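Chemist: One structure coming up, written as structure tokens, with questions to follow.
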Amino acid sequence: MTVSDTNCDVKPVKQIPGDLVGTRTLNLNVRSYAGFVNHGADHMFLWFFEAQDCLGTDKQKDAQVADFPLLIWLNGGPGASSMFGALSENGPYLIQNTDTGTVAENPHAWNQKAHIMYVDNPVGAGYSYNGDKDYVDNERDLGERFYQLLQGFFKNPNYAKYAKCPLYFTGESYGGKYIPFICDTIRQKTYRVDEDDGDCCAYLPQVKPAVEGDVPINLHGMAIGNPYYDAALQTQARLEMGKTLGYLDTTQYQQLMDNLEVLRKAVDDGDWLKAFNYNQGIKNDLINCGGNVAIYDVRTWDLSLFDAIVEKYFRKPEVKLALNLAEDQPWKCADETGHVTEHLISDFVQPTQCIYGKILNQCDEKGTPAYQVLIYVGNLDMSCGVAGTEQMLRELTWNHHHDWQNLERFVWASPKDTTKGFVKSLSNLTYIVIPGSGHMVPTDQPNNSLEMINRFILKHKFPTYSTPIDPSTYHDLLQPNKE
């Protein structure tokens, strides 16, 4: 199947319902588009918002469009709708978690200095569906289908102007698997290579456009929050954090560590379903031992977060009509359950972090890194938190592996007495820990996350200061009292 089999049924969105009770209507403050890109039996839903700083008449805006980066946001799950990110994390409008579900402008929206597109990915998540119930079974299949979505969107004359924008993939959680593989698919589709690249960790020169007639995709990088990439590694980190915080005692911790060894052996044996069941069982036992603690934010016992209110909104017929959909169009949002997860069980439990090294190692003809990568993590997330991500990056195979292991971390603060995060950066990789945040960093730290993404895509330095550990200070402290 080729891009010629693709059509883009995406249309302007002028206004949306402003609450759940039908008393308000919001007129959108930027150009916005929503609808399906159809490729074969795939019907992928997207909701696009232009940058707020893109001002003037439509003609003037069209002339400015390519001056702004384009962000694509993907929630994870697997099975989660990216509309969750749009309405409860970093979109231009946020819904309040109240009975009325009032929707209001977000002063920390990520589309201030960039266009942003939210995509329900893969089929089976949110509004996206496949007419033949043909779900993705692996990341390569997912990347191919997403590439066709981009081609369908950019080939439409109404949206071709956005193809020239510097493109960054953003997202969180299981997006830690989706996003690097989509980026690598774009690389493979955009450039022909002279050797078999395998799945991971190969350095490949970029040569020339690979697919005749395809729109070149101007990929510049990716920014992923609290990424998921390795079931065994991250489950161990969950258990260690749970024990440290007192949600597990020593006996419970050891029992679950024994179960983790069963999980690891199942992965080694290729028994994906057994590994998945043990992974889910360990997670559920950790939550139960903590009195139903929220694994995504250890400060709370509210496991639902915004799920229920967002679900009510996107299932309203008035919302579907506003987004150019049929009133009876189903909307689904799942987290590690349902058809999407069932088809990705082997992907769920297998480690895939080596794809990060492959993305980082890509260089242009001059030897300059081709893609910028930002990994950020909220320090209060027990699901995909700091310890596992730090270990993954230390062990990652890429061109700067050894230098990264000894790299100094800096405090991000502005002004100096206001700490916003902790930053390590080398070549084309930046890693940031965001204090005071759980799994959903844009929700928990909206101001700092907005500054973070803007500095990343606009290539502005983070204001930081060094905190070196000097062994001589310990020596001085141990000097005997001479009085």
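The values are calculated or read from the model by the stated rules, or taken from the named source; none is laboratory data. What you are looking at is a predicted structure, and each value in this text was computed from that prediction instead of being measured. So basically every Cβ, Gly included, is an ideal-geometry build from the backbone, and we count neighbours across all protein chains shown.
Chemist: Pull up the range 280-304, narrow it to residues that are more than 22 Å from the chain's Cα centre (by Cα) and of a type in the set (Val, Ile, Thr), then point me to the one that is farthest from GLY338 (Cα to Cα).
Modeler: Filtering the range 280-304 for residues that are more than 22 Å from the chain's Cα centre (by Cα) and of a type in the set (Val, Ile, Thr), the one farthest from GLY338 (Cα to Cα) comes out as THR300.
Chemist: Quick test for you: out of THR389, THR467, pick the one residue that is surrounded by 10 or more Cβ atoms within 10 Å (Cβ to Cβ), over 23 Å from GLN236 (Cβ atoms) and either out of contact with any Pro (no Cβ under 6 Å at 6 or more places or on another chain) or in the same structural domain as PRO107 (by TED's automatic domain parsing) (or both).
Modeler: Numbers: THR389 fails: over 23 Å from GLN236 (Cβ atoms).
Every option except THR467 fails the conditions.
Chemist: Now for a separate question. When both residues are 6+ apart or on different chains and their Cβ atoms are under 6 Å apart, which pairs have a first residue that lies in the range 416-436 and is without any contact (Cβ under 8 Å) to a residue 12 or more places away in the chain, and a second that is outside any loop (DSSP other than H, G, I, E, B)?
Modeler: Between residues of the range 416-436 that are without any contact (Cβ under 8 Å) to a residue 12 or more places away in the chain and residues that are outside any loop (DSSP other than H, G, I, E, B), there is no close pair.
Chemist: Next question, about the same structure. Would you check which residues across the range 217-232 are touching a Cys at 6+ places or on another chain (Cβ under 7 Å) and not in a strand (DSSP E or B) and list them?
Modeler: Going through the range 217-232, the residues touching a Cys at 6+ places or on another chain (Cβ under 7 Å) turn out to be 218-219, 222, 226-228.
Residues satisfying the conditions are ASN218, TYR228.
Chemist: For a quick check of your reading: which helices (runs of 4 or more DSSP H) sit entirely within the range 362-472 and have at least 3 residues that are modelled with pLDDT of 95 or more and among the polar types (S, T, N, Q)?
Modeler: Working: elements: 386-395, 401-405, 441-444, 446-457.
Output list reads 446-457.
Chemist: Still on this structure, please answer the following. Of all residues in the range 237-275, how many are assigned to a helix (DSSP H, G or I), aromatic (Phe, Trp, Tyr) and under 26 Å from ASN379 (Cα atoms)?
Modeler: Going through the range 237-275, the residues assigned to a helix (DSSP H, G or I) turn out to be 237-244, 250-269, 272-275.
Next cut, aromatic (Phe, Trp, Tyr) only: 253, 272.
Imposing the further condition that a residue be under 26 Å from ASN379 (Cα atoms) reduces the set to 253.
Residues in the range 237-275 being assigned to a helix (DSSP H, G or I), aromatic (Phe, Trp, Tyr) and under 26 Å from ASN379 (Cα atoms): 1 in total.
Chemist: Taking the condition among the small types (Gly, Ala, Ser), at pLDDT 95 or above and in a loop (DSSP other than H, G, I, E, B), does GLY281 pass?
Modeler: Working: among the small types (Gly, Ala, Ser): yes; at pLDDT 95 or above: yes; in a loop (DSSP other than H, G, I, E, B): no.
It is false that GLY281 is among the small types (Gly, Ala, Ser), at pLDDT 95 or above and in a loop (DSSP other than H, G, I, E, B).
Chemist: Conditions: (1) surrounded by fewer than 24 Cβ atoms within 10 Å (Cβ to Cβ); (2) touching a residue at least 40 places away in the same chain (Cβ under 8 Å); (3) out of contact with any Ser or Thr (no Cβ under 9 Å at 6 or more places or on another chain). ARG140 meets all but one. Number of the miss?
Modeler: It fails just one condition, (3).
Yes/no per residue for (1) among the charged types (D, E, K, R); (2) assigned by TED's automatic domain parsing to the domain that holds ASN361; (3) surrounded by 15 or more Cβ atoms within 10 Å (Cβ to Cβ); (4) within 30 Å of ASN97 (Cα to Cα):
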| site | (1), (2), (3), (4) |
| --- | --- |
| ALA413 | no, yes, yes, no |
| LYS420 | yes, yes, yes, yes |
| LYS424 | yes, yes, yes, no |
| ASN428 | no, yes, yes, no |
| ASN454 | no, yes, yes, yes |
| PHE462 | no, yes, yes, no |
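Chemist: Working only within the range 401-411, note down all residues that are closer than 22 Å to TYR228 by Cα and not aromatic (Phe, Trp, Tyr).
Modeler: Within the range 401-411, the subset closer than 22 Å to TYR228 by Cα is 401, 404-405.
HIS401, GLN405, listed by residue number.
Chemist: Take the conditions of a type outside the set (Gly, Ala, Ser), touching a strand residue (DSSP E or B) at 6+ places or on another chain (Cβ under 8 Å) and either without any contact (Cβ under 8 Å) to a residue 24 or more places away in the chain or buried (at least 22 other Cβ atoms within 10 Å of the Cβ) (or both) and apply them to VAL377. Does it pass?
Modeler: Details: of a type outside the set (Gly, Ala, Ser): yes; touching a strand residue (DSSP E or B) at 6+ places or on another chain (Cβ under 8 Å): yes; either without any contact (Cβ under 8 Å) to a residue 24 or more places away in the chain or buried (at least 22 other Cβ atoms within 10 Å of the Cβ) (or both): yes.
Yes.
Chemist: What number of residues in the range 7-52 are touching an Asp or Glu at 6+ places or on another chain (Cβ under 6 Å) and either of a type in the set (A, V, I, L, M) or within 20 Å of PRO69 (Cα to Cα) (or both)?
Modeler: Result for the range 7-52: 3.
Chemist: Could you list all residues from the range 30-57 that are touching a helix residue (DSSP H, G or I) at 6+ places or on another chain (Cβ under 9 Å), touching a residue at least 24 places away in the same chain (Cβ under 8 Å) and small (Gly, Ala, Ser)?
Modeler: ALA34, GLY40, ALA51
Chemist: Here's something else I'd like to know. Residues that are under 24 Å from the mean Cα position of the chain (by Cα) and either at pLDDT 95 or above or not assigned by TED's automatic domain parsing to the domain that holds ALA163 (or both): list the strands (runs of 3 or more DSSP E) wholly contained in the range 1-116 that include at least 1 such residues. Outline the logic, then answer.
Modeler: Working: elements: 6-12, 15-17, 25-27, 32-39, 42-49, 70-74, 93-95, 103-105.
The strands (runs of 3 or more DSSP E) meeting that bar are 6-12, 32-39, 42-49, 70-74, 93-95, 103-105.
Chemist: Among (1) touching a residue at least 60 places away in the same chain (Cβ under 8 Å); (2) over 16 Å from the mean Cα position of the chain (by Cα), which single condition is LEU407 missing?
Modeler: Of everything listed in (1) touching a residue at least 60 places away in the same chain (Cβ under 8 Å); (2) over 16 Å from the mean Cα position of the chain (by Cα), LEU407 misses just condition (1).
Chemist: A follow-up question, please. Test of understanding: among VAL310, VAL319, VAL293, which residue is in a loop (DSSP other than H, G, I, E, B), touching a residue at least 12 places away in the same chain (Cβ under 8 Å) and of a type in the set (A, V, I, L, M)?
Modeler: Result: VAL293 is the single residue among VAL310, VAL319, VAL293 that is in a loop (DSSP other than H, G, I, E, B), touching a residue at least 12 places away in the same chain (Cβ under 8 Å) and of a type in the set (A, V, I, L, M).
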